[in-house]
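What follows is a set of notes on a single structure, which appears directly below.
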Amino acid sequence: MVTTATGAGRAVTIDGTALAAGVKDDLRERVAILKAAGIHPGLGTILVGSNPGSLSYVAGKHRDCAEVGIESIRLDLPETASEKDIRDAITFMNNNPLVTAFIIQLPLPEGIDPTAMLELMDPLKDADGLHPVNLGELVLAVPGGKGSIDTPLPCTPRGIVQMLQAYDIPIAGSHVTIIGQGLTVGRPLGLLLTRLEATATLTHSRTVDVAAEVRRADIVVAAAGVAGLVKADWVKPGAAVIDVGITRVLNEETGKYRLRGDVDPEVASVAGFLSPVPGGVGPMTRAMLLANVVEAAERRLRR
């Protein structure tokens with residue numbers, strides 16, 4: 001998909017839903033080829049507790065799997081699960097030949113160290129691309145995008161890069177400001193973008209003037225989880241703005257909740273490109289998870 005910003009009116013919408021549908025079409029064909037070779041890709045999930053958001057997210061991942069022909073292996077543990085219970089679940093996934101790749105759904109219950117649990121995973125079965133070994137491969141990757149990274153990439157950063165590339169938004173030589181330094185988005189995204197020869201600035205709660213950092217950016221990625229944080233007067237005219245944040249906001253008139261991103265709607269009058277919430281980064285993140293599973297199966301076929 002190639003769409004050009006007009007420079008007038010409202011920003012071009014970066015349609016993550018349409019892009020994700022294209023990714024799924026490609027994956028569906030690749031899954032069929034794998035199955036013909038006797039390899040059946042399977043996604044495993046480990047969910048601890050009954051967090052509504054986590055339940056919904058995991059269910060969505062399994063629906064996505066069904067769409068492209070990936071098998072589902074699901075382990076749901078109670079909120080009272082011990083660290084040993086979780087370790088046993090990880091061991092089961094590591095050893096199960098039906099599991100091509102799997103995730104440990106975060107957050108885990110209080111008192112359980114998520115990093116310690118991630119480290120127990122087989123790096124080759126890391127569907128989220130967050131195992132320390134795989135993040136280390138990203139750190140060591142050659143700048144300039146030369147050569148491939150044959151390990152799983154973090155899903156949201158990978159999806160963001162593909163969204164920018166799909167709309168012919170230049171990355172090399174661009175200045176990118178990322179709001180938020182979380183493990184799942186901010187930090188690995190900075191690594192991916194600098195590998196593609198962008199200049200990436202990572203801002204956070206201790207940054208003295210976030211607005212000033214945003215104003216000089218050609219590409220803005222908002223991943224702070226603060227509804228409406230990025231205002232129109234923060235954004236350089238024509239900049240590409242990727243909204244990652246999702247917050248449930250109560251409408252006091254209707255009593256219903258709706259999803260809000262980190263970007264104020266008025267930014268659409270200034271930006272050249274803008275990803276919506278919902279319908280932007282979310283569908284692409286889920287599609288990249290499927291891609292990691294299929295690529296893990298393809299690596300197995302090559303071995």
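Our estimate of slack between residue 56 and residue 257, defined as 0.36 nm per intervening residue step minus the Cα-Cα distance, is 70.8 nm.
Restriction of the GluC sites (Glu not before Pro) in the stretch 235-287 to DSSP coil positions whose beta-carbon has at most 11 other beta-carbons within 10 angstrom yields 252, 253. For helix 155-166, what angle does its Cα long axis make with the longest principal axis of the chain, in degrees from 0 to 90 and rounded to 10? The answer is roughly 50 degrees. Across the stretch 123-131, coupling constants 3J(HN,Hα) worked out from phi with the 6.51/-1.76/1.60 Karplus curve, θ = phi - 60°, read x, 6, 10, 7, 6, 8, x, 10, 5 Hz, and Gly and Pro carry x. Search the structure for amide H atoms under 5 Å from the amide H of residue 42, placed 1.01 Å from N in the peptide plane, and list their residues when 5 or more places away or on another chain. Placed amide hydrogens put 71, 100, 101 under 5 Å from residue 42. Counted over all Cα-Cα pairs of the chain, pairs farther apart than 25 Å make up 50 percent. Could you tell me what % of all Cα pairs in the stretch 8-127 have separations over 20 Å? Tail fraction, whole percent: 51. Between their Cα atoms, which of 35/61; 61/125; 236/256; 61/256; 35/84; 35/125 are more than 28 Å away from each other? Flagged as over cut-off: 236/256; 35/84.
Note that the stretch 71-179, at 4 °C in a medium of 1.567 mPa s, gets a Stokes-Einstein diffusion coefficient of 80 µm²/s from its Kirkwood radius over C-alpha pairs. For residue 221, nonlocal amide neighbours, meaning residues 5 or more places apart or on other chains whose placed amide H falls under 5 Å from its own, are 177, 178, 179, 242. Here r is the Cβ-Cβ distance between residue 10 and residue 32 and R0 is 51 Å; the resulting FRET efficiency, rounded to 0.05, is 0.80.
Projecting label points 7 angstrom from Cα along Cα→Cβ for residue 215 and residue 250 puts them 3.6 nm apart. Measuring nothing but how far apart in sequence close Cα pairs (under 8 Å, 6+ apart) lie, relative to its length, the stretch 98-184 scores a relative contact order of 23 percent.
Considering only alpha-carbon pairs that sit under 8 angstrom and 6 or more positions apart, the relative contact order computed for the chain is 22 percent.
Ellipticity at 222 nm from helices only: DSSP H runs of n ≥ 4 in the chain, each -39500 (n - 2.57), divided by the residue count, give -12000 deg cm²/dmol.
Protection proxy ranking for 149-159, 75-85, 91-101, using the average of other Cβ atoms within 10 Å per residue and placing the highest first: 149-159, 91-101, 75-85.
At full extension, residue 82 and residue 207 could sit 41.2 nm farther apart than now, given 0.36 nm per residue minus the alpha carbon distance. Ranking 105, 217, 40 by Cα position along the charge dipole of the chain, where only Lys, Arg, Asp and Glu carry charges on their C-beta atoms, puts 40 farthest toward the positive end. Under 5 Å from the amide H of residue 238 lie the amide H atoms of 271, 272, each residue being 5 or more positions distant or on a separate chain, with H modelled from the backbone and absent for Pro and chain starts. Ranked by solvent-accessible area (1.4 Å probe, protein heavy atoms only, all chains present), the residues 175, 40 order from largest to smallest as 40, 175.
Within the assembled protein chains, the solvent-accessible surface assigned to residue 47 is about 0 Å², based on a 1.4 Å probe. For the stretch 26-164, the relative contact order works out to 22 percent when only alpha carbon pairs closer than 8 Å and six or more residues apart are counted.
Working note: Karplus 6.51/-1.76/1.60 with θ = phi - 60° gives the stretch 254-261 the couplings 9, x, 9, 8, 9, 8, 10, x Hz, where Gly and Pro are set to x.
Placing +1 on each Lys and Arg Cβ and -1 on each Asp and Glu Cβ, with no other charges, gives the stretch 228-303 a dipole about its Cα centre of roughly 600 debye.
Explain nothing, just the number: dipole magnitude of the chain about its Cα centre with +1 on each Lys and Arg Cβ and -1 on each Asp and Glu Cβ, in debye rounded to the nearest 20.
For this selection, approximately 460 debye.
With semi-axes defined as the square roots of five times the eigenvalues of the C-alpha gyration tensor, the equivalent ellipsoid of the stretch 196-303 measures 29, 21, 13 Å, largest first.
Couplings 3J(HN,Hα) of the stretch 189-203, computed from phi: 5, x, 5, 4, 6, 5, 4, 8, 6, 8, 9, 10, 10, 9, 9 Hz, in residue order, whole Hz [Karplus 6.51 cos²θ - 1.76 cosθ + 1.60, θ = phi - 60°; x for Gly and Pro].
The values are calculated or read from the model by the stated rules, or taken from the named source; none is laboratory data. Just so it is clear, the structure is predicted and the values come from calculations on it, not from any experiment. All Cβ positions, glycine included, derive from the backbone under ideal geometry; neighbour counts span all protein chains shown. Areas reflect the complete protein model, heavy atoms only, side chains present, ligands, DNA and RNA absent. Shrake-Rupley method; radii C 1.70, N 1.55, O 1.52, S 1.80 Å.
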